[in-house]
Ligand code: KIV
Ligand code: ZN
């Protein structure tokens, strides 16, 4: 009988810390539901003390999710623990995750505390968290650069105080697999009461080693991995959930444990996270990249046709890449549409929402005859793009492009019920369109990224555009999709401009304690 490897997903918390990836409460609920269908054990839903929005999002997720444990992050401070405890009150199963830094550099410069004070804070926080739930996780932040003897002392003390999971974070992605694995083995061996807690790891990807470090830890006794969908997260991101899970599942000859994840849900979840956050998935990304199961070289194709196992170590269907993905068309009715959306995990909140989405589906089907799951996912995101905050809407866009002439755009927007038009010229029609929009909305932000991805194949495919704007240190991503990439670009820019209008009340969770 194999051990259980617990999957702790932190897409909604650490993932959200990626610049521009902040999510609304409703978006978090949609992702949480997809994670629940994936059978993730624990969902870290946010950091309730960071802002009212974060608090409410964790609370809302705690209310709707029944099958996964809902976790809230808290610094080792009474007020943070109380906020976290309050936010997860309604969860079927809850956890508080509290942390304090333990590396010399963090203790001296960030916390300005002596090691003994850090232990006192940690113990106090764990005891306080136990008043809200008996499922308490403790993390010594920057463990990857902490002294092993000190880690042993603080971890022994927090287990005595009631911590049930000890998470070892490689906060700055500094570790190397062999060494990180050995650290986990040493801690488990040296801490006298280590058998009373589950060891977990949380690896960042600064050196591209987050998954490798996590797997090395699992081979040395860790039984929980913290990870995110598509490897989203601070800086270079966290360990990617799909890579960790599929490595363990595929190499059962090596691992003494397995997860309970329903892996065919992986691709749907990945696409949902990508479309909500505006972080595209690179085509060659393992497991969820568009090319992850594509064979270009003739010799590979020939082998795969004879027997897929010649070049494939996993089946595309096992992670949710459907073989026949054409699902709906122009003549599909409301029921077929609704039922496919339900299969994709989308529940309509009202008849009006169903009607509006169905109307958009029909519009799309008129332009594009074959509608794939990916198109439906995009449709969901479009209908749900911050509905409560969209003050700027695209009314119409005209562009003019001719060989030897300067491209021009004329755009009309509706802003708080008033229609305003603007014109601009640019180096191409996309450039002219975005300039025309900017002449009206005047964000005065810097365009940091513009990227186009085709959602499905063919020249009639929808293009999904991501636009990243930066203003005064704040970064937002905007998304837009259309069969016409100029319109998709305009929608993406408007979406980003709308997001910039919402005040940013978020603070960085790893700030001062
Ligand atoms: O990277 C980190 O150290 C964290 C902790 C809060 C676990 O995200
Ligand atoms: Zn982290």
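The values are calculated or read from the model by the stated rules, or taken from the named source; none is laboratory data. Just so it is clear, the model here is predicted, and its values are computed rather than measured. Glycine gets a Cβ as well: all are built from the backbone with ideal geometry, and neighbour counts include every protein chain shown.
Taking the numbered list (1) within 13 Å of the chain's Cα centre (by Cα); (2) within 16 Å of ligand 1 (Cβ to nearest atom) in turn, residue 47 passes all entries but (1).
Of the candidates 175, 139, the single residue that is more than 11 Å from ligand 1 (Cβ to nearest atom) and crowded, with 24+ Cβ neighbours inside 10 Å is 175.
Residues considered: 225, 267, 244. Of these, the only one that is in contact with a helix residue (DSSP H, G or I) (Cβ under 7 Å, 6 or more places away or on another chain), within 14 Å of ligand 1 (Cβ to nearest atom) and touching a residue at least 12 places away in the same chain (Cβ under 8 Å) is 225. If you go through the range 203-222 one residue at a time, do you hit one that is within 16 Å of ligand 1 (Cβ to nearest atom), over 16 Å from residue 240 (Cβ atoms) and crowded, with 24+ Cβ neighbours inside 10 Å? Scanning the range 203-222, I find at least one residue that is within 16 Å of ligand 1 (Cβ to nearest atom), over 16 Å from residue 240 (Cβ atoms) and crowded, with 24+ Cβ neighbours inside 10 Å, so the answer is yes. Does the range 96-104 contain at least one residue that is more than 16 Å from ligand 2 (Cβ to nearest atom), over 12 Å from residue 47 (Cβ atoms) and over 23 Å from the mean Cα position of the chain (by Cα)? Scanning the range 96-104, I find at least one residue that is more than 16 Å from ligand 2 (Cβ to nearest atom), over 12 Å from residue 47 (Cβ atoms) and over 23 Å from the mean Cα position of the chain (by Cα), so the answer is yes.
Evaluate the following for residue 429: is it in contact (Cβ under 8 Å) with a residue 12 or more places away in the chain, exposed (fewer than 13 other Cβ atoms within 10 Å of the Cβ) and within 16 Å of residue 491 (Cβ to Cβ)?
Working: in contact (Cβ under 8 Å) with a residue 12 or more places away in the chain: yes; exposed (fewer than 13 other Cβ atoms within 10 Å of the Cβ): no; within 16 Å of residue 491 (Cβ to Cβ): yes.
In short, no.
Taken over the range 162-180, the residue count meeting the criterion of being away from ligand 2 (no atom under 16 Å from the Cβ), over 14 Å from residue 139 (Cβ atoms) and in contact with a strand residue (DSSP E or B) (Cβ under 9 Å, 6 or more places away or on another chain) is 1.
Please specify each residue of the range 155-172 satisfying the condition of being under 31 Å from the mean Cα position of the chain (by Cα) and more than 15 Å from residue 225 (Cβ to Cβ).
Taking the range 155-172 as the starting set, the residues that turn out to be under 31 Å from the mean Cα position of the chain (by Cα) are 155, 158-159, 162-172.
If the condition is that a residue be under 31 Å from the mean Cα position of the chain (by Cα) and more than 15 Å from residue 225 (Cβ to Cβ), then 155, 158, 159, 162, 163, 164, 171, 172 are the ones that fit.
One residue is enough: does the range 184-192 have a residue meeting the conditions assigned to a strand (DSSP E or B), more than 23 Å from the chain's Cα centre (by Cα), more than 24 Å from residue 34 (Cβ to Cβ) and outside the structural domain of residue 321 (by TED's automatic domain parsing)? Checked the range 184-192: no residue is assigned to a strand (DSSP E or B), more than 23 Å from the chain's Cα centre (by Cα), more than 24 Å from residue 34 (Cβ to Cβ) and outside the structural domain of residue 321 (by TED's automatic domain parsing). Condition check: without any contact (Cβ under 8 Å) to a residue 40 or more places away in the chain, within 16 Å of ligand 2 (Cβ to nearest atom) and touching a helix residue (DSSP H, G or I) at 6+ places or on another chain (Cβ under 6 Å). Does residue 72 satisfy that? Yes. The strands (runs of 3 or more DSSP E) found wholly in the range 411-478 and carrying at least 3 residues that are at pLDDT 95 or above occupy 418-425. Tell me whether the range 30-41 contains one or more residues that are within 14 Å of ligand 1 (Cβ to nearest atom), under 30 Å from residue 256 (Cβ atoms) and either modelled with pLDDT of 95 or more or surrounded by 24 or more Cβ atoms within 10 Å (Cβ to Cβ) (or both). No: zero hits.
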